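Working notes, structure below.
The values are calculated or read from the model by the stated rules, or taken from the named source; none is laboratory data. Owing to the predicted nature of the structure, the values given are computational and were not obtained by experimental measurement. Cβ: placed from backbone, ideal geometry, glycine included. Neighbour counts: every protein chain shown. Side chains are part of the model used for accessible areas, which takes the heavy atoms of the whole protein and leaves out ligands, DNA and RNA. Shrake-Rupley method; radii C 1.70, N 1.55, O 1.52, S 1.80 Å.
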Amino acid sequence: MRALTWHGKHDVRMDTVPDPQIVNPRDAIIEVTSTAICGSDLHLYDAVIPGLQGGDILGHEFMGRVVETGPKSTLKTGQRVVVPFTISCGSCFFCKATLFSACDNANPVETQEASELLYGHAVGGLFGYSHMTGGYPGGQAEYVRVPYSDVGPIVVPDGVPDEDVLFLSDILPTGWMAAENCDIMPGDSVAVWGCGPVGLFAVQSALLMGAGRVIAIDHHPNRLALARGLGADIIDYTQTHVLEALMEMTGGMGPDAVIDAVGMESHGMAPDNLMDAAKQKVGIGADRAHALRMALMAVRKGGRVSIPGVYGGMADKFPLGALMEKGLQVRSGQTHVQRYGTRLLDMIMEGKIDTTFLISHRLSLEEAPRGYRNFAENQNDWTKVVLTP
Amino acid sequence: MTDRRSDLFPILGVAVLALGVVGVARLMTPGPRHPADSAPGRTAKRLQFGGYQVTGRTVTIDAPRDRIHAMWRDPKQLALFMQDLVAIEGTPDRPIWVIDGGHGPFRIETRLVEDRAGESLAWRSVEGADFQIEAKIRLRDAPAGRGTEVEAHVAYVPPYGLLGHWAAKLRGLDPKARGRQELKRLKMLLETGEIATASNQRNT
Ligand SMILES: NC(=O)c1ccc[n+]([C@@H]2O[C@H](COP(=O)([O-])OP(=O)(O)OC[C@H]3O[C@@H](n4cnc5c(N)ncnc54)[C@H](O)[C@@H]3O)[C@@H](O)[C@H]2O)c1
Ligand SMILES: [Zn+2]
Ligand SMILES: [Zn+2]
């Protein structure tokens, strides 16, 4: 089959690789009909997440048709499914607590070792990501082996266009969980750093949850315009002093909650960010945490800090004092995708959520390398890329 | 904690110090007296326990104690989660474990020295065995209905001493890593019915 493979920093290619097979009883094989490039893929493309190997198949946002099932799969050949990017067994302590991305059993034992060392505990399994999370072949391919197919995939009815439901695999529930982690009370103000797909879905979700005011921060005019289109107020951080503006826009209190939808590759020329960038370049595991630092400074006393943005290593000059002295609450994590599938599917079907407004480019899978290059280098125009094999 | 020490003593002989409470180890070191830790002995900050390397790991498995006990007594099941196990020969009371050591298999002749249904199992290498090792599995109910806490202790004399210990570690063969990986595979098998693999090809 054809698949998008990683070969090093800024080097992804279309390769011909062996078709996947059923390996374990609960597996299913999916023929991919749509797949997307995620901001998390850019961290891999930029080689700032450790643990990739040459030839790895990327992609964790995908959907398709079931073409083969293992003896213990509950799926049926021909069914259409969206596959969560988090691989979860459904029966461990964490899955039972709906902490699906923390599944204890999905990451093979050999690849659990690295994160046990780096993070104190072995992390879960993810498609098309680091070998710390298993190194599972991803979905930017014609076919994918899907483990635990009896608990993960969301079956979607025929007749619903792929684009309406594709983002149930990741960014839609990620934006939703980011807002849920803000414990929004009616009328609350929420500031969101980053107007990429995750930030945009977080804006939409926060408004649906009753936020009185959502303030979105970025520097790409097109992305800011999309946020405004959803009903957010916007701040272009290249034009405005963000911290001062947020204070003024919230009656001198600061936002009740903040969302970091930027992650470990913050843009900008702020002094802390230049230092982080230099460290990240020489590969000493430093994350560029500028947006998170700003968020911690901006949020009001006793406020909530939600971090969907991905981090992989260490950060210094971290405003720990602000966290403690202001009494903040912090929540983060890879999204517990399986927790939100049916609820969000219902909301899509009822027309309460728009999932397609952010798609800027539709390419064939063969054009994926071009998609990566532009999504990385021309973020203003390329807001979301959907690929079809 | 004291009951653990006396319980293990007859089984584990010389390695008992390592398996008792940390405080026991601390009694042997000079300096101010410390109250006995509640921590397992193997977590003590000392490298050697009378020539033995001591290691262990606890994993919570959502399955009843009897079922887990049965898995350890069934050579077919053992072969599923002990990846380096080539075969078990001998008798259930005197099993000979044939282990793939990287450079061909090696054999460890052991005696089953403890077998309490739903509670514990222990094996010890027989006198004169090539590799001196004592392994114990202990099962206890996990709190809040989480299943069973499965604890594995292993005490062994590394071939070629400390140097051999570090060499084995570097080759990924050290019993600590193997032990925790085996427990995690057992957990996968019991909780999900299969052992996770990222491979999408059956024969790799
Ligand atoms: N938690 C999860 O499960 C999960 C899931 C998907 C994505 N993510 C992560 O979420 C983050 C965003 O994903 P995305 O797909 O939207 O990525 P993206 O790269 O498309 O968007 C990031 C946006 O942040 C903006 N930005 C950069 N620096 C900024 C700053 N200092 N202040 C304000 N805005 C800034 C960029 O201009 C860009 O528009 C990434 O880190 C991604 O890995 C997490
Ligand atoms: Zn993603
Ligand atoms: Zn699980």
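Table for the structure above
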read-out: Förster radius 30 Å - calculated FRET efficiency between B:Gln83 and A:Lys281 (Cβ-Cβ, nearest 0.05); value: 0.15
read-out: Rounded accessible area of B:Glu109 (nearest 10 Å², 1.4 Å probe); value: 80
read-out: Cα→Cβ-extended label distance, 7 Å offset, between A:Leu320 and A:Ala97, nm; value: 2.5
read-out: Share antiparallel - DSSP beta bridges, the stretch A:174-332, percent rounded to 5; value: 0
read-out: Given A:Lys281/A:Lys301; A:Lys9/A:Lys317; A:Lys279/B:Lys45; A:Lys281/A:Lys317; A:Lys72/B:Lys187; A:Lys96/A:Lys317, the pairs whose alpha carbons are separated by over 29 Å; value: A:Lys281/A:Lys301; A:Lys279/B:Lys45; A:Lys96/A:Lys317
read-out: Simple label model, 7 Å out from Cα along Cβ direction - A:Lys352 to A:Met1, nm; value: 3.4
read-out: Whichever aspartates and glutamates have a C-alpha closer than 15 Å to that of A:Lys384, once near sequence neighbours (fewer than 8 apart) are set aside; value: A:Asp41, A:Glu61, A:Asp162, A:Glu163, A:Asp164, A:Asp170, A:Asp354, A:Glu367
read-out: Radius 14 Å from Cβ of A:Leu226, net charge of other residues (Lys, Arg +1; Asp, Glu -1); value: -2
read-out: Paramagnetic label zone (point 7 Å from Cα along Cα-to-C-beta, A:Asp11; backbone N under 13 Å) in the stretch A:32-67; value: A:47, A:53-56
read-out: Shape of the stretch A:174-332, Cα gyration tensor, a/c cut at 1.5; value: prolate
read-out: Volume in Å³ per residue [convex hull over Cα atoms, computed for the protein assembly as shown]; value: 173
read-out: Around A:Thr356: net Lys/Arg minus Asp/Glu count, Cβ-Cβ under 11 Å; value: -2
read-out: Accessible area in the full protein assembly, largest first, 1.4 Å probe, for B:Asp115, A:Asp218; value: B:Asp115, A:Asp218
read-out: Net charge contributed by nearby residues that have their C-beta within less than 13 Å of A:His131 (K/R +1, D/E -1); value: -3
read-out: DSSP-defined antiparallel bridges as percent of all bridges, the protein assembly as shown, nearest 5; value: 75
read-out: Chain A: calculated mean residue ellipticity at 222 nm from DSSP helix runs of at least 4, using -39500 (n - 2.57); value: -8000 deg cm²/dmol
read-out: Shielding score for A:108-114, defined as the mean number of other chain Cβ atoms within 10 Å; value: 6
